[in-house]
Amino acid sequence: MITRRDLLKGLGAMGTMGTVGLPSLLLPREVFAAVTPFSLPLNIPPVLTPSSTDATTDYYNLNVGETYAEIIPGLQTRVISFNGAVPGPTIRARAGRKVAMTHYNGLPATTLGGAPGKVSIHLHGAHCPASEDGYPTSYIQPGNTRTYTYPNNQLPAPLWYHDHAMDYTGPHVWYGMAGLYLMTDDYEDALNLPKGSYEIPLVIQDRNFDANGQLVYTKNMMGETGNTMLVNGTIQPYLNVAKRKYRFRVYNGSNARFYKLALSNGQSFQVIGMEGGLLSAPVTVTSLTLAPAERADLIINFGSLAIGTNVELRNTLVGSTDAAYKLMQFKVNSSATDTSVVPSTLRTVSKFTRSQAVRTRNWTLAGGMMGGMWTINGLGFDENRVDAKPRLNDIEIWKFTNQSNMDHPIHLHDVMFQILTINGRAPAATHAGWKDTVIVPRMMGTAEIIMKFTDYTGKFPFHCHVLEHEDMMMMSQFEVTP
Ligand code: C2O
Ligand code: CU
Ligand code: CU
């Protein structure tokens, strides 16, 4: 596997006309996983029980380790799991109540895909002290344990935990290191949205498998995409549903693939939230695009469909014959009473205004040419360099301009932000709430975001969430200063 350090060495030796893109072409080509679409039931990741609790905190134990998973029936796929599960077990957290997650790193020194076994676990979407954030070089070495403590002093939101090791987040996540962390609070519970078995997480990921059922990772620096679509680790699953409303917590957990979600019967659905929690009001749409790391809180009402109806969840960014088109199927197979409601007012989103910002920072995104690296303001990540120093409690506007020919989903740690503009225009209503990832459109596209740096000082990364772009240096860091 080529790393960005090898890349830099290579660039030094060969100049910028190097052939660093070539190694991936020499790896065995992936084969299409032979599973009949909609023949496997959707896996629901298990909710992890705390190992103990006290007045303030729920304590969880997680073991990171290689194991086998039966993803393709009859074959054993080597994966990197949390507690043996891929995706990892789901953490259910409550706003205002702490969670302490203790990870034991049971990986060997070199793990799947030739990646090092050292890890750093990041809780994506968390507002927490820098020490708990899973900094890319704050490793848990193989054989070691560490505890991350999350205050959960933030609006309830769909978070997720995943590896963030420097240069190797792409392979670590591809081989399985991701799990969900769903936070709620009394206010949200009182809304009477669909809950219990009617609130279902859907983590969408694409992978490639070889003929033996093993995952194939090529570190394609343009972004690793797969030809086999998984939801919650199941290849193109089905889910039996009743004639009623469901709440789906949808995560794009893919390394690089974007999805435009739509239902095969053309039915509309409601978006009630995105990464940072509930929108001020539900938004009815017939499709929704999710970039890597974006999340959507969706309500789909199967109430008007006849028993026996099958509805596919599709990715209409690709054509109907593309392997990435069919994601999963809902099979309407029963009746159910539905006392849930989707209120017309969900939760107040206090809006920042431009005039509150004390400064604007400009960032250019570039790279991807001639197999070179990806950059922010012309530079790759350097843990010893800080590119912005917002003061604690300052409100800032950041404007990203994308000089490359690929869209980049930019993610900030520490803060949830609001989008002011995309290509100069106000965002769609679905994107007008709290976000932690924003698509900066290709070919000189722009995105302006606004946020407040509260509570915690210290260094936090921000980066493209196409994991191969991140690993190939499209990452920077800011330091919140007192
Ligand atoms: Cu989901 Cu810095 O990452
Ligand atoms: Cu993050
Ligand atoms: Cu990118």
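Can you pull out the residues in the stretch 144-200 that are aliphatic (A, V, I, L, M) and open to solvent by less than 20 Å² (accessible area, probe 1.4 Å)?
ALA157, LEU159, ALA165, MET166, VAL173, MET177, ALA178, LEU180, LEU182, MET183, LEU193, ILE200
List the strands (runs of 3 or more DSSP E) that sit entirely inside the stretch 211-329 and contain at least 2 residues that are open to solvent by 30 Å² or more (accessible area, probe 1.4 Å).
238-243, 277-285, 310-315
So for the stretch 358-368 (the condition being in contact with a helix residue (DSSP H, G or I) (Cβ under 6 Å, 6 or more places away or on another chain), over 27 Å from MET221 (Cα atoms), modelled with pLDDT of 95 or more and hydrophobic (A, V, I, L, M, F, W, C)), does at least one residue qualify?
no
If I go through the stretch 418-448 residue by residue, how many of them are open to solvent by less than 10 Å² (accessible area, probe 1.4 Å), in a strand (DSSP E or B), within 16 Å of ligand 3 (Cβ to nearest atom) and within 25 Å of LEU298 (Cα to Cα)?
4
With the checklist (1) within 20 Å of GLY233 (Cβ to Cβ); (2) more than 15 Å from ligand 2 (Cβ to nearest atom) in hand, flag the one item THR147 doesn't pass.
Just one mismatch for THR147, condition (1).
Check ILE410 against each of (1) crowded, with 24+ Cβ neighbours inside 10 Å; (2) away from ligand 3 (no atom under 13 Å from the Cβ); (3) within 27 Å of HIS172 (Cβ to Cβ) and name the one condition it does not meet.
Condition (2) is where ILE410 drops out.
Each row is one residue, and each column tells you yes or no for (1) within 16 Å of ligand 2 (Cβ to nearest atom); (2) in the same structural domain as ARG295 (by TED's automatic domain parsing); (3) not charged (D, E, K, R).
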position: ASN362; (1), (2), (3): no, no, yes
position: MET373; (1), (2), (3): no, no, yes
position: ASP387; (1), (2), (3): no, no, no
position: TRP398; (1), (2), (3): yes, no, yes
position: HIS408; (1), (2), (3): yes, no, yes
position: HIS413; (1), (2), (3): yes, no, yes
position: GLN418; (1), (2), (3): no, no, yes
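Condition check ((1) closer than 11 Å to ILE449 by Cα; (2) surrounded by 18 or more Cβ atoms within 10 Å (Cβ to Cβ)) across all residues:
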residue: ARG347; (1), (2): no, yes
residue: SER355; (1), (2): no, no
residue: THR364; (1), (2): no, no
residue: GLY368; (1), (2): no, yes
residue: ASP387; (1), (2): no, no
residue: ILE395; (1), (2): yes, yes
residue: MET416; (1), (2): yes, yes
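Look through the stretch 330-345, keep the residues that are assigned to a strand (DSSP E or B) and open to solvent by less than 70 Å² (accessible area, probe 1.4 Å), and return whichever of them is nearest to ligand 2 (Cβ to nearest atom).
PHE330
The values are calculated or read from the model by the stated rules, or taken from the named source; none is laboratory data. Just so you know, these numbers come straight off a predicted model, no measurement behind them. So basically every Cβ, Gly included, is an ideal-geometry build from the backbone, and we count neighbours across all protein chains shown. Areas reflect the complete protein model, heavy atoms only, side chains present, ligands, DNA and RNA absent. Shrake-Rupley method; radii C 1.70, N 1.55, O 1.52, S 1.80 Å.
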